[in-house]
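A.B. asks: Before anything else, here's the structure in question.
The values are calculated or read from the model by the stated rules, or taken from the named source; none is laboratory data. For clarity, every value in this text was computed on a predicted model and none was experimentally measured. Glycine also receives a Cβ, built like all others from the backbone with ideal geometry; neighbour counts cover every protein chain displayed. Surface accessibility is based on the protein's heavy atoms, side chains included, excluding ligands, DNA and RNA. Shrake-Rupley method; radii C 1.70, N 1.55, O 1.52, S 1.80 Å.
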Amino acid sequence: MDTQENPQVYDVVVVGGGAAGLNAALVLARARRRVAVVDAGAPRNAPAAHMHGFLSRDGMAPAQLLATGRTEVAGYGGELITGRVEAIEHGFFVRLAEGRVLRARRVLVATGCRDDLPEEIAGVRERWGKDLLHCPYCHGYEVRDQPIGVLGTGPSAVEHALLVEQWSSDVIMFSHTLTLTAEDRERLTARKVQIVEGQVTRLVAASDGDRLRGVELADGQVVPRAAVFLRPHNVPHDDLLIALGCQRDSNGWVDTDASGRTSVFGVWAAGNVINPRAQVITAAGQGSAAAIAINHDLIDEDVERAVEASRTLATIGRNTVRSEFSAELEAQVTQVVLGDRRHGL
């Protein structure tokens with residue numbers, strides 16, 4: 001078992017085995033990098049039966065995509081570790097909850113985010129991912145032309161309702177706790193989105209429990225709907241990144257460049273941990289971009305080390321003409337040539 005004193009050394013440790021993390025690991029493994037993926041097995045899209053909008057994978061179950069991805073990563077020599085990362089210490093030492101410690105030259109955090117739902121509405125947890133939905137690009141086609149509702153749980157709900165109307169001409173905006181402005185009402189009406197006032201108390205399932213029957217208001221009225229959309233409050237799983245000192249942007253999410261590089265040396269992030277609206281295919285693409293950037297960063301470091309080693313060896317060669325090769329010189333060569341990759345020297 002790895003210990004803090006003698007951890008295994010990887011080129012890259014990827015934390016999170018969703019689409020972003022696995023695609024990054026695939027690219028890195030194909031670049032002949034030693035890579036490990038640590039995953040706790042709690043994907044954000046687990047409640048969904050199918051995913052859509054992913055070329056060649058449209059309609060595939062999310063779990064099947066991940067299983068296929070793990071097989072592909074392992075096929076190129078990537079190591080898959082089931083577990084939860086408790087901390088990443090500068091260096092980088094990646095400490096797992098079970099006690100194992102991994103050493104990495106670079107880290108990629110792809111831990112995703114969670115969707116906080118309006119728990120005051122009964123039935124939201126049970127219907128989530130079935131007929132309580134958030135992304136019309138992911139699920140809108142499957143409920144096209146059906147009676148749809150949009151819950152006014154936040155300021156972006158109006159824009160959401162205007163968007164959802166693209167998939168159905170029968171859309172109701174439930175104001176719920178949102179106060180609609182005159183402009184909001186004008187825009188919704190122009191788009192032929194109906195407005196129903198009053199607080200929503202429950203999502204009512206059909207007698208078979210298999211599908212949504214309607215939306216119940218505080219006065220007991222049940223408005224028939226086949227599906228309901230809302231924009232949940234997204235909370236990133238970014239504790240590891242913040243503990244490392246990564247800076248946040250003006251919206252409170254960890255700030256990165258286009259490749260996913262954070263403000264901390266050697267630390268990248270990809271997927272929903274930095275972008276809550278990233279679909280599966282988007283997250284996978286971000287993982288690929290991060291992997292390519294990391295590999296180039298490692299190559300720059302490898303070249304720098306090789307040049308330094310070459311210069312050191314040339315100096316040692318000149319010195320050994322005048323003196324014997326010493327333990328001190330041996331240690332110097334080892335440090336320059338192998339750096340953090342040396343073992344037992």
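A.B. asks: Which residue out of E159, E165 is under 21 Å from G140 (Cβ atoms), open to solvent by 70 Å² or more (accessible area, probe 1.4 Å) and among the acidic types (D, E)?
C.D. replies: None of the other options fit; the residue is E159.
A.B. asks: Also, quick follow-up: Which of the following residues is surrounded by fewer than 17 Cβ atoms within 10 Å (Cβ to Cβ) and of a type in the set (K, R): R57, R105, R32?
C.D. replies: When all the criteria are applied, what remains is R32.
A.B. asks: Contact list please: Cβ distance under 7 Å, first residue in segment 161-187 and more than 13 Å from Q199 (Cα to Cα) and of a type in the set (S, T, N, Q), second residue part of a loop (DSSP other than H, G, I, E, B) and at pLDDT 95 or above, pairs at least six apart or on different chains.
C.D. replies: Note: pairs meeting the criteria are S168/R144; S168/D145; S168/Q146; S169/K192.
A.B. asks: Now for a different question. In segment 195-215, what residues are open to solvent by 90 Å² or more (accessible area, probe 1.4 Å) and in contact (Cβ under 8 Å) with a residue 24 or more places away in the chain?
C.D. replies: The answer is R202, R211.
A.B. asks: Can you name every residue in segment 35-54 that is open to solvent by less than 40 Å² (accessible area, probe 1.4 Å) and not in a loop (DSSP other than H, G, I, E, B)?
C.D. replies: V35, A36, V37, V38
A.B. asks: Sticking with this structure for a sec: For L65, are the conditions met, namely being among the hydrophobic types (A, V, I, L, M, F, W, C), surrounded by 14 or more Cβ atoms within 10 Å (Cβ to Cβ) and in a helix (DSSP H, G or I)?
C.D. replies: For L65, the condition - among the hydrophobic types (A, V, I, L, M, F, W, C), surrounded by 14 or more Cβ atoms within 10 Å (Cβ to Cβ) and in a helix (DSSP H, G or I) - is met.
A.B. asks: Test of understanding: among A284, A293, A258, A278, which residue is among the aliphatic types (A, V, I, L, M), more than 10 Å from the chain's Cα centre (by Cα), open to solvent by less than 30 Å² (accessible area, probe 1.4 Å) and over 21 Å from R84 (Cβ atoms)?
C.D. replies: Exactly one of A284, A293, A258, A278 is among the aliphatic types (A, V, I, L, M), more than 10 Å from the chain's Cα centre (by Cα), open to solvent by less than 30 Å² (accessible area, probe 1.4 Å) and over 21 Å from R84 (Cβ atoms), namely A293.
A.B. asks: When segment 235-249 is examined, which residues are found to be open to solvent by 40 Å² or more (accessible area, probe 1.4 Å) and in contact (Cβ under 8 Å) with a residue 40 or more places away in the chain?
C.D. replies: If the condition is that a residue be open to solvent by 40 Å² or more (accessible area, probe 1.4 Å) and in contact (Cβ under 8 Å) with a residue 40 or more places away in the chain, then H237, A243 are the ones that fit.
A.B. asks: Additional query: With the condition kept exactly as written, say whether any residue in segment 130-142 is over 17 Å from R44 (Cα atoms) and in a helix (DSSP H, G or I).
C.D. replies: Yes, segment 130-142 contains a residue that is over 17 Å from R44 (Cα atoms) and in a helix (DSSP H, G or I).
A.B. asks: Please tell me if L108 is at pLDDT 95 or above and assigned to a strand (DSSP E or B). Spell out the reasoning first.
C.D. replies: Working: at pLDDT 95 or above: yes; assigned to a strand (DSSP E or B): yes.
Judged against the criteria, L108 is a match.
A.B. asks: Scan (1) at pLDDT below 95; (2) over 15 Å from the mean Cα position of the chain (by Cα) for the single condition V73 breaks and write down its number.
C.D. replies: Result: V73 fails condition (1) only.
A.B. asks: I need a count of the residues in segment 236-252 that are more than 22 Å from R84 (Cβ to Cβ) and either within 13 Å of the chain's Cα centre (by Cα) or of a type in the set (G, A, S) (or both). Walk me through how you get there before you give the answer.
C.D. replies: Restricting attention to segment 236-252, the residues satisfying the condition of being more than 22 Å from R84 (Cβ to Cβ) are 247-252.
If we keep only those that are either within 13 Å of the chain's Cα centre (by Cα) or of a type in the set (G, A, S) (or both) as well, we get 250, 252.
The total comes to 2.
A.B. asks: Could you grab me the full set of residues in segment 258-293 that are closer than 19 Å to R105 by Cβ, without any contact (Cβ under 8 Å) to a residue 40 or more places away in the chain and in a loop (DSSP other than H, G, I, E, B)?
C.D. replies: Those that are closer than 19 Å to R105 by Cβ, without any contact (Cβ under 8 Å) to a residue 40 or more places away in the chain and in a loop (DSSP other than H, G, I, E, B): S259, T262, S263, V264, F265.
A.B. asks: Return yes or no: is G99 in contact with a Lys or Arg (Cβ under 9 Å, 6 or more places away or on another chain), surrounded by fewer than 16 Cβ atoms within 10 Å (Cβ to Cβ) and on the phi > 0 side of the Ramachandran plot?
C.D. replies: no
A.B. asks: What number of residues in segment 103-119 are touching a residue at least 60 places away in the same chain (Cβ under 8 Å) and farther than 26 Å from S288 by Cβ? Let's see the steps before the verdict.
C.D. replies: Applying the first criterion (touching a residue at least 60 places away in the same chain (Cβ under 8 Å)) to segment 103-119 yields 103-118.
Keeping just the survivors that are farther than 26 Å from S288 by Cβ gives 116-118.
Selection size over segment 103-119: 3.
A.B. asks: I would also like to ask the following. Cβ contacts < 9 Å: first residue closer than 13 Å to L163 by Cβ and free of Cβ contacts under 8 Å to residues at least 12 places away in the same chain, restricted to segment 129-142; second residue of a type outside the set (D, E, K, R) and surrounded by 21 or more Cβ atoms within 10 Å (Cβ to Cβ), any location; separation 6+ or different chain. Result?
C.D. replies: none
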